[in-house]
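Trainee: Let me begin by handing over the structure; questions about it come next.
The values are calculated or read from the model by the stated rules, or taken from the named source; none is laboratory data. Since the model is a prediction, treat every value here as computed from it, not as a measurement. Positions of Cβ are backbone-derived with ideal geometry, glycine not excepted, and every protein chain shown enters the neighbour counts. We work out accessible area using only protein heavy atoms, side chains counted, and drop any ligands, DNA or RNA first. Shrake-Rupley method; radii C 1.70, N 1.55, O 1.52, S 1.80 Å.
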Amino acid sequence: MRLATNISAAVERASAYVDGHLQDWSQAPQVTQSIQVVTIDGQNALEVVLEAHRDSFFGSMLPPGGWNFSAEARAVTLARSPVRSGHGRRGRARVECAGLRPHHAPACMVHSNRDIIVDGGSVSAADVQAVTDARGTITPLPGVDAASVPDPFADAEFTPSHVCSGATLPAMLQTGVLRLSPGVHCGGVTITGDAELLLEPGEHWFSGGIIDIRGMGRLTGQDVALMFAPDARFEFRGQATVDLEGRRTGPYAGFVVVSAPSNTQHFLISADNVRRLLGVIYIPRAQLVVEGRRNVAEDSAWTVIVARQLRLNGSPSLIINADYGYSTVPVPEGVGPSGGSTQLVE
């Protein structure tokens, strides 16, 4: 992978990292740092060279002139990170924010295989980079001309063995609890009033409709993966409550929402109480739209998003946490802390 070409931002972050460690060293020697971008095998790399000096004992006698130290390291970005928003082919993927509140990913990277466009809101993360362009209120300064990130789950199989072999969902539920066992569920359902859709542990394939949670309705499930066929999607609206925790075991361990590769639907979150979306939201050809004025997913220990497009309308805060050690839901290989953001090459 190449280093994103906002060189000043990369150098600034590296310098701050060095300074922070030196401040924690109570007897640190005098250190001079040189940080620059170099080319290694055709890739941009960040080179850090440190020169240090410590005075000798007994004036300049032991050793004469004191001690001199030097160290150097070079690293290239991998662009793998806890949040990979805006996945897709170059020229298609996009991250857009329009509103007042931030898209907030404090310990994560926000990466787009095309653009990051912030209009009226803001994006805040540990690192922000885009393949083509990034503009608006973004913290820290975004990198552009970054390497395109491949789909980390491109080789995974997300196709149900039987489409609509299960029971047909009722059109609407306004009271009571609809408890679903794992399997394939046909048609859509509207959960409203004080009704609850309760998903039992396992994989739940939805085909041929919209899972519409609205009013004071509730959608809950632990150790579950919601799998959407090409003709299915979800919409969370009004004052609905959503509390979902992803699969802990099996082939879909770590996933909480998955769409089929050919699913190009718009998945909508505009409800007031979307508390937990713990796990990977993997909708590689679909769009995730977040609207309203509330915090979304703030009670999730961690969340990873892989989507063709992420759009924030109004003034919502989409909270991307990365507290991986505080959850029994495993992080799939290729994302999260196992990916890292930098690879040391020398």
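Per-residue answers, yes or no, for (1) at pLDDT below 90; (2) open to solvent by 40 Å² or more (accessible area, probe 1.4 Å); (3) in a loop (DSSP other than H, G, I, E, B):
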site: Ala146; (1), (2), (3): yes, no, yes
site: Val149; (1), (2), (3): yes, no, yes
site: Phe153; (1), (2), (3): yes, no, yes
site: Phe158; (1), (2), (3): yes, no, yes
site: Ser161; (1), (2), (3): yes, yes, yes
site: Cys164; (1), (2), (3): yes, yes, yes
site: Arg179; (1), (2), (3): no, yes, no
site: His185; (1), (2), (3): no, no, no
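Trainee: While we're here: So is Ala271 among the hydrophobic types (A, V, I, L, M, F, W, C), in contact (Cβ under 8 Å) with a residue 60 or more places away in the chain and crowded, with 19+ Cβ neighbours inside 10 Å or not?
Mentor: Working: among the hydrophobic types (A, V, I, L, M, F, W, C): yes; in contact (Cβ under 8 Å) with a residue 60 or more places away in the chain: no; crowded, with 19+ Cβ neighbours inside 10 Å: yes.
No, not satisfied.
Trainee: Is it the case that Thr303 is under 23 Å from Gly202 (Cβ atoms) and part of a strand (DSSP E or B)? Spell out the reasoning first.
Mentor: On the way: under 23 Å from Gly202 (Cβ atoms): yes; part of a strand (DSSP E or B): yes.
Considered against the rule, which asks whether it is under 23 Å from Gly202 (Cβ atoms) and part of a strand (DSSP E or B), Thr303 comes out as yes.
Trainee: Of Leu62, Leu78, which residue is modelled with pLDDT under 75 and either open to solvent by 40 Å² or more (accessible area, probe 1.4 Å) or in contact with a His (Cβ under 7 Å, 6 or more places away or on another chain) (or both)? Before you say what the answer is, go through the steps one by one.
Mentor: Numbers: Leu78 fails: either open to solvent by 40 Å² or more (accessible area, probe 1.4 Å) or in contact with a His (Cβ under 7 Å, 6 or more places away or on another chain) (or both).
So the residue among Leu62, Leu78 that is modelled with pLDDT under 75 and either open to solvent by 40 Å² or more (accessible area, probe 1.4 Å) or in contact with a His (Cβ under 7 Å, 6 or more places away or on another chain) (or both) is Leu62.
Trainee: Now for a separate question. Would you mind stating whether Val256 is buried (at least 23 other Cβ atoms within 10 Å of the Cβ) and at pLDDT below 95? Give the derivation first.
Mentor: Numbers: buried (at least 23 other Cβ atoms within 10 Å of the Cβ): yes; at pLDDT below 95: no.
No, not satisfied.
Trainee: Pairs please, first residue from segment 97-116 and farther than 18 Å from Asp323 by Cβ and at pLDDT 75 or above, second anywhere and of a type in the set (S, T, N, Q) and surrounded by 24 or more Cβ atoms within 10 Å (Cβ to Cβ), Cβ atoms under 6 Å, 6+ apart in sequence or on different chains.
Mentor: His111/Gln129
Trainee: Collect the residues in segment 190-203 that are in contact with a Pro (Cβ under 6 Å, 6 or more places away or on another chain) and open to solvent by less than 30 Å² (accessible area, probe 1.4 Å), keeping them in residue-number order. Outline the logic, then answer.
Mentor: In the first step, residues of segment 190-203 are kept if they are in contact with a Pro (Cβ under 6 Å, 6 or more places away or on another chain); the result is 202-203.
Within segment 190-203, Gly202 is the sole residue that qualifies.
Trainee: May I ask you to verify whether Thr249 is closer than 28 Å to Asp323 by Cβ, at pLDDT 95 or above, among the polar types (S, T, N, Q) and surrounded by fewer than 22 Cβ atoms within 10 Å (Cβ to Cβ)? It would help to see each step written out before you state the result.
Mentor: Numbers: closer than 28 Å to Asp323 by Cβ: yes; at pLDDT 95 or above: yes; among the polar types (S, T, N, Q): yes; surrounded by fewer than 22 Cβ atoms within 10 Å (Cβ to Cβ): yes.
Yes; evaluated as a whole, the condition is true for this residue.
Trainee: Here's something else I'd like to know. If you scan segment 117-138, which residues turn out to be surrounded by 16 or more Cβ atoms within 10 Å (Cβ to Cβ) and assigned to a loop (DSSP other than H, G, I, E, B)?
Mentor: Gly121, Val131, Thr132, Gly136
Trainee: If I filter segment 292-310 down to residues being touching a Lys or Arg at 6+ places or on another chain (Cβ under 8 Å) and among the basic types (Lys, Arg), which single residue comes out as farthest from Thr241 (Cα to Cα)?
Mentor: So the residue we want is Arg308.
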